[in-house]
Amino acid sequence: MQQVWASCNQSLLPDGSKVLLTPAQWNQYLGDVWYQLIFSYRIPQNGVVVEIAPGDVEKVGLGFHKQGFSGTYYVIEPHQKSLETITAKYKKLMPSATIVPILKTVADAISELPTHVDAIVANHPLDDMIVGKSLNTEEFKDFFLKCMKTVMTF
Ligand SMILES: C[S@@+](CC[C@H](N)C(=O)[O-])C[C@H]1O[C@@H](n2cnc3c(N)ncnc32)[C@H](O)[C@@H]1O
């Protein structure tokens with residue numbers, strides 16, 4: 001079984017114990033954290049949400065799934081395969097929502113967004129955006145895919 005050493009969540013456990021999680025368990029754990037944020041910030045269930053740079057990973061969407069989100073959910077992701085994968089996952093996770101995929105970087109996507117949104121969400125996007133800035137178009141296509149595969153198999 002593939003496992004990922006989730007060292008960064010150790011401090012979140014009350015007893016400080018170490019945990020070894022599968023990628024699916026880690027995504028679910030973060031989905032639950034996102035649900036708590038969604039609840040705390042009272043993001044409306046039928047509102048308008050924009051997620052930036054999910055890759056093909058449903059961490060944030062798992063939180064909205066738990067909330068029963070039924071509004072409009074924009075997904076900004078410039079990597080085509082990742083966008084297709086995450087859109088399919090989100091349509092299953094949020095069957096009552098309208099999922100709007102946008103195949104662009106966040107800077108280029110702004111003009112396609114509505115003027116009012118209830119929340120803009122992203123799971124640690126800044127590091128990836130900074131890395132993305134240093135890549136040319138060809139490198140950009142491959143980099144994040146290779147990066148995700150590496151993380152999942154060490
Ligand atoms: C490592 S992946 C997904 C990480 C995901 N947020 C998570 O927490 O697991 C990073 C993603 O950021 C996307 N990305 C990079 N630069 C971007 C930008 N300027 N605007 C939107 N997405 C960007 C890449 O296409 C890639 O799919």
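Results, tabulated for the structure shown:
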| read-out | value |
| --- | --- |
| Every residue from segment 95-109 that is crowded, with 16+ Cβ neighbours inside 10 Å, over 11 Å from Glu84 (Cα atoms) and within 10 Å of the ligand (Cβ to nearest atom) | Thr105, Val106, Ala109 |
| Test: Val75 is in contact (Cβ under 8 Å) with a residue 40 or more places away in the chain, part of a strand (DSSP E or B) and either in contact with a strand residue (DSSP E or B) (Cβ under 9 Å, 6 or more places away or on another chain) or closer than 30 Å to Leu135 by Cα (or both) | no |
| Top-ranked residue in segment 102-143 [being among the polar types (S, T, N, Q) and closer than 11 Å to Pro78 by Cβ; ranked as modelled with the lowest pLDDT] | Thr137 |
| Filtered residue count, segment 122-141, keeping only those that are under 20 Å from the mean Cα position of the chain (by Cα) and exposed (fewer than 12 other Cβ atoms within 10 Å of the Cβ) | 5 |
| In segment 28-71, the residues that are aromatic (Phe, Trp, Tyr), assigned to a helix (DSSP H, G or I) and in contact (Cβ under 8 Å) with a residue 24 or more places away in the chain | Trp34, Tyr35, Phe39, Phe64 |
| Residue match in segment 110-121 (condition: of a type outside the set (A, V, I, L, M), surrounded by 11 or more Cβ atoms within 10 Å (Cβ to Cβ) and either within 17 Å of the chain's Cα centre (by Cα) or part of a loop (DSSP other than H, G, I, E, B) (or both)) | yes |
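The values are calculated or read from the model by the stated rules, or taken from the named source; none is laboratory data. Everything numeric in this text was worked out from a predicted model, so none of it was measured. Methodologically, a virtual Cβ is constructed for each residue, glycine included, from the backbone with ideal geometry; neighbour enumeration extends over all protein chains shown.
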